[in-house]
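These notes are about the structure you will find just below.
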Amino acid sequence: MIATSQPLAVQAGLEILKSGGNAVDAAIATAAVLNVVEPMSIGIGGDLFALVYQARERQLYGLNASGRAPAQASLQDYRQRGFTEMPTEGIWSVTVPGAPRGWAVLLKRFGTRSLDQLLQPAIDYAQNGFPVSERIGRRWQSLAAKLAREENTAKTYLPNGQAPRPATIFKNPALARTFALLAHEGLGAFYEGEIAAEIVREFQKHDGLLSLSDLKEHQVNWVKPIHTDYRGVTVYELPPNGQGLIALLALNIAAGFELSQLEHNSAAYLHQLIEVMKLAFADGRHYIADPEFADIPIEQLLSQEYAAQRRKLVGENAGLNVTYGSPEGDTAYITVVDEQRNVVSFIGSLFMPFGSGITVGDTGIVLQNRGSLFSLDPQQANRLEPRKRPYHTIIPAMAFQNKLPWLSFGVVGGFMQPQGHLQLLCNLLDQGMSLQEAIEAPRFRFFEGRQVAVEAGVSPEAQEGLRARGHELIAGDGSFGGAQAIIIDPASGSLWGGSEPRSDGCAQGY
């Protein structure tokens, strides 16, 4: 079974599984197709994180394939150029893309298919065209002004000067040529060959800092997943520089509340979870950074003693004016379970829609703006430093029962992601919902201060109850994320897939 945010990408991955490929093979083929059919969200100009469960070994692996700042990047340099905070667009927001190196190491360690085989569906859609799906098309149109600001981006992603509408056929021959080159020469060509030279030329054109050595020397990391227990399941996330720690902190605090005794999405229920998220975000803001540059006391933060201390801070009224929770991000999530019950939880992103807004020459590659999450405050653990990885929002997850995978899931949407993880798990484990019910249930999103948005399905009574507790309700503007998930039934081994009605995706199996 496979679930992601666009049906053509799901079909591409499913065909890999049907032909005998494994979960890693299918995830990479799917990610490549998503780069073509959902180009504002994911691509080889961005990053990826993955959790990979190998059934034969009964072992869970974590991959951090996030990019680093250029070696020449420094607080002093940015300040001399007039920046008082990190830019959200343009060349100064770009870090080294980590996704291609991530694909390469995943395939080398776990893959069974050649890169050429896995890239063919993406090459076909890019060369011959595909019908733009509904929500992706509407999103694309809303981004036309951003796309028009850079010549290469406009030429590639605004055919005839217009963003493609839903159901129109879009072709991306530039990206088809890039994927064909990578299929022929290998993913190393991205970091050392013709593509690397094109990327550096693009940086030089914009007076950027990235060099050939930044690309050539970039490596990704196998990491040990971090975890906590919640209502009888063990929830796994990746460690910092990702924000999976925030989801685990929130679950630890929430575990002390009798949420199953409260009406779902009542004012009392929502209030407790909102305040839990504020506490978790406050810790995330303080601690999360590149662990190669910062000492992060993960064991202490995830202790039950620490959770008990934090839980005491949840009162009857809204508190904690935490300044974390936005901006919005565009991301794509993939989950795959193969016949051998290998499981992949995979997430890739350009961060904001179409990332930095910069497309590399005539390659079709959009560069991410992940560097915008660095801080220019020298006192922050997440401050900009040479070859450092920024705080990262994308977080794949898994939950285990009896030491075996039970749920593989993710929720896209920038800082919505840990909030989505908390709400999805509470829906399943506290409220007893089915997987699809848990995904479709109305969500809240904490932004900053006392600002929180709730979806229309939250009752007027609950909304008024939140206001009475001091919460400031604001418009969410469709920023409640998107989830895909697969449950492996512990008794039968059957697969239950769920997909997000807020996106174009689906879950399919055989």
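The values are calculated or read from the model by the stated rules, or taken from the named source; none is laboratory data. Note that the coordinates shown come from a computational prediction; the quantities given were computed from them, not determined experimentally. Cβ sites come from the backbone with ideal geometry, for glycine too, and all protein chains shown count toward neighbours.
Considering only region 233-251, I want to know if a residue exists there that is of a type in the set (Ser, Thr, Tyr), over 20 Å from ARG101 (Cβ atoms) and surrounded by fewer than 21 Cβ atoms within 10 Å (Cβ to Cβ). Working first, answer last.
First, the residues of region 233-251 that are of a type in the set (Ser, Thr, Tyr): 234, 236.
After this cut, where a residue has to be over 20 Å from ARG101 (Cβ atoms) as well, the list is 234, 236.
The next check asks that each one be surrounded by fewer than 21 Cβ atoms within 10 Å (Cβ to Cβ); those that pass are 234.
Checked against the condition, which is being of a type in the set (Ser, Thr, Tyr), over 20 Å from ARG101 (Cβ atoms) and surrounded by fewer than 21 Cβ atoms within 10 Å (Cβ to Cβ), region 233-251 yields at least one hit.
There is no residue in region 49-72 that is surrounded by 22 or more Cβ atoms within 10 Å (Cβ to Cβ), touching a residue at least 60 places away in the same chain (Cβ under 8 Å), in a helix (DSSP H, G or I) and touching a strand residue (DSSP E or B) at 6+ places or on another chain (Cβ under 9 Å).
Does any residue of region 201-218 turn out to be closer than 30 Å to PHE400 by Cβ, charged (D, E, K, R) and at pLDDT 95 or above? No - not one qualifying residue is present in region 201-218.
Selection over region 288-322 of residues that are in a helix (DSSP H, G or I), small (Gly, Ala, Ser) and either closer than 21 Å to TYR236 by Cβ or without any contact (Cβ under 8 Å) to a residue 12 or more places away in the chain (or both) gives a count of 1.
When LEU17 is tested against (1) in contact with a helix residue (DSSP H, G or I) (Cβ under 7 Å, 6 or more places away or on another chain); (2) closer than 24 Å to GLN368 by Cβ, exactly one condition is not met: (2).
Restrict the check to region 25-41 and report whether at least one residue is among the polar types (S, T, N, Q), surrounded by 23 or more Cβ atoms within 10 Å (Cβ to Cβ) and in a strand (DSSP E or B). Scanning region 25-41 turns up no residue that is among the polar types (S, T, N, Q), surrounded by 23 or more Cβ atoms within 10 Å (Cβ to Cβ) and in a strand (DSSP E or B). When ARG341 is tested against (1) at negative phi; (2) at pLDDT 95 or above; (3) in a loop (DSSP other than H, G, I, E, B); (4) out of contact with any Phe, Trp or Tyr (no Cβ under 7 Å at 6 or more places or on another chain), exactly one condition is not met: (1).
Among the conditions (1) within 19 Å of VAL36 (Cβ to Cβ); (2) under 24 Å from the mean Cα position of the chain (by Cα), the only one that ILE199 does not satisfy is (1).
Residues of region 464-510 that are hydrophobic (A, V, I, L, M, F, W, C), surrounded by fewer than 13 Cβ atoms within 10 Å (Cβ to Cβ) and free of Cβ contacts under 8 Å to residues at least 40 places away in the same chain: ALA475, ALA491. Go through the residues of region 24-37 one by one and say whether even a single one is more than 24 Å from PHE400 (Cα to Cα), within 15 Å of the chain's Cα centre (by Cα) and among the hydrophobic types (A, V, I, L, M, F, W, C). The answer is yes, given that some residue of region 24-37 is more than 24 Å from PHE400 (Cα to Cα), within 15 Å of the chain's Cα centre (by Cα) and among the hydrophobic types (A, V, I, L, M, F, W, C). Considered as a group, the residues in region 465-510 that are at pLDDT 95 or above, aliphatic (A, V, I, L, M) and not in a strand (DSSP E or B) include one that is farthest from ILE439 (Cα to Cα), and that residue is ALA468.
Annotation note: of GLY90, GLY82, the sole residue that is closer than 26 Å to LYS146 by Cα, touching a residue at least 24 places away in the same chain (Cβ under 8 Å) and not assigned by TED's automatic domain parsing to the domain that holds ASN241 is GLY90. For region 253-287: of the residues being among the acidic types (Asp, Glu) and in a helix (DSSP H, G or I), which is nearest to ALA468 (Cα to Cα)? My answer is GLU275.
Tell me, yes or no, whether region 375-398 has at least one residue that is among the aromatic types (Phe, Trp, Tyr), in contact with a helix residue (DSSP H, G or I) (Cβ under 6 Å, 6 or more places away or on another chain) and assigned to a strand (DSSP E or B). No, region 375-398 contains no residue that is among the aromatic types (Phe, Trp, Tyr), in contact with a helix residue (DSSP H, G or I) (Cβ under 6 Å, 6 or more places away or on another chain) and assigned to a strand (DSSP E or B).
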